[in-house]
1. Quick one: how many Å² of K30 are accessible to a 1.4 Å probe, rounded to 10?
2. Compute, for the stretch 40-118, the length of the dipole vector about the Cα centre, with Cβ point charges of +1 (Lys, Arg) and -1 (Asp, Glu) only. Units Debye, rounded to 20.
3. What's the Kirkwood radius of the stretch 53-104 in Å, using all Cα pairs?
4. Starting at the first residue of the stretch 56-61, write each ³J(HN,Hα) from the Karplus equation 6.51 cos²θ - 1.76 cosθ + 1.60 with θ = phi - 60°, in whole Hz, x for Gly and Pro.
Amino acid sequence: YVAYRGMTEFPEIGQVGRSLVAGDYDMLSKPGEVARLHAGLGQLFGEAGQLNPDELRTRSWQVGVRERAYYVVGAHMAQVIDQELGRPALIETIRKGPSSFVETYNSLVEDSQKIPEI
């Protein structure tokens, strides 16, 4: 998210970064893509308790890493926190750890946009 935000101030760095993140920035700028990846994570997290460890690892890798859901949805979550509460709150939320990050994001969005806590 930090590099994504920096693109507006440092476009030349953004072009380098864009090639390094395999289109994450483009997906982040498209609400439909964010929604699609968010839905994929929601499904994965919702089924996590029913999957054996190998299935969970395989699906997590596919959805989260190969399809870039962890990165794009995580950046979107940071963006929401930053826009709604401000940069100091985002920094503090990240400092407190992943659970705080998810809880804070979930407190700011409608039920349909919440990230399941597993």
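1. Accessible area of K30: about 110 Å².
2. In debye, rounded to 20, the stretch 40-118 gives about 300.
3. Value: 12.0 Å, from the Cα pair sum.
4. Ordered by residue, 3J(HN,Hα) equals 4, 4, 5, 5, 4, 5 Hz.
The values are calculated or read from the model by the stated rules, or taken from the named source; none is laboratory data. None of these values were measured; they are calculated from a predicted model. FYI the Cβ positions are ideal-geometry reconstructions off the backbone, even for glycines, and counts take in every protein chain you see. Accessible surface areas use protein heavy atoms only, side chains included; no ligands, DNA or RNA. Shrake-Rupley method; radii C 1.70, N 1.55, O 1.52, S 1.80 Å.
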